[in-house]
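Below is one structure; the comments refer to it alone.
The values are calculated or read from the model by the stated rules, or taken from the named source; none is laboratory data. Everything numeric in this text was worked out from a predicted model, so none of it was measured. With ideal geometry, Cβ positions are generated from the backbone for all residues, glycine too; neighbour counts draw on all protein chains shown. SASA here: full protein model, heavy atoms, side chains in, ligands and nucleic acids out. Shrake-Rupley method; radii C 1.70, N 1.55, O 1.52, S 1.80 Å.
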Amino acid sequence: MLTIIFGDVSEAIYNTSVYFKNTYEPEWITADLAKKIILDVDKSEVLGSECINSPVLGQIPPERLSGGTKTLLLILNEPERIFNASTCGDNCAKWILEIAKQQDVTINLRHIMNFGHDTSFEIYIQNGGEVVHSMKELIPIAHKYLNMSKENG
């Protein structure tokens, strides 16, 4: 299941690019789900554990993947940690939901991510203990906690 904490979270890892650079394992890149994520989000093909073919940048190491892709790979491979998923664009939302179908994950958001208006899901909002199933349910709850965070910050 996916758990979201809106606003500031002291234990969240905010600089996901630096964290990824120093912790990722080469085998993360060649896993089937990772290859799908990299192809979909970055439009790049995994050639090997240390080489990705980007249509824009040519052959690149994993450290040069987009911030969103790196964050998704961290969420997938270190589900016990809380990562700042606001480094992800809305194109990453479906992958966050997909990862959460396979394992329990908690992410931190500082914005309202669009999980799809025609998508049904089950997301637990840790701030107040709500469970939401659609963007219609998520938006007012997220707005409330994000505004509370701004007031307290």
- Item | Whichever residue in the range 104-122 is crowded, with 17+ Cβ neighbours inside 10 Å and touching a residue at least 60 places away in the same chain (Cβ under 8 Å) and, among such residues, is nearest to the chain's Cα centre (by Cα) | 107
- Message: Considering only residues that are of a type in the set (Lys, Arg) and assigned to a helix (DSSP H, G or I), which ones fall in the range 93-145?
- Response: 94, 101, 136, 144
- Message: Yes or no: the range 64-80 includes at least one residue that is within 18 Å of the chain's Cα centre (by Cα), within 15 Å of residue 6 (Cα to Cα) and open to solvent by 40 Å² or more (accessible area, probe 1.4 Å).
- Response: no
- Residues 35, 101, 94: which one is open to solvent by 20 Å² or more (accessible area, probe 1.4 Å), out of contact with any His (no Cβ under 8 Å at 6 or more places or on another chain) and in contact (Cβ under 8 Å) with a residue 24 or more places away in the chain? 94
- If you go through 24, 14, the only one that is open to solvent by 20 Å² or more (accessible area, probe 1.4 Å), farther than 30 Å from residue 144 by Cα and of a type in the set (Ser, Thr, Tyr) is 24
- Note on the structure: (1) farther than 30 Å from residue 22 by Cβ; (2) out of contact with any strand residue (DSSP E or B) (no Cβ under 6 Å at 6 or more places or on another chain) all hold for residue 90 apart from (1)
- Would you check which residues across the range 123-153 are at pLDDT below 95, more than 14 Å from residue 111 (Cβ to Cβ) and surrounded by 15 or more Cβ atoms within 10 Å (Cβ to Cβ) and list them? none
- Can you name the condition, by its number, that residue 98 falls short on among (1) more than 12 Å from the chain's Cα centre (by Cα); (2) among the acidic types (Asp, Glu); (3) under 14 Å from residue 2 (Cβ atoms)? (1)
- Item | Test: residue 57 is over 29 Å from residue 112 (Cα atoms), surrounded by fewer than 19 Cβ atoms within 10 Å (Cβ to Cβ) and not β-branched (Val, Ile, Thr) | yes
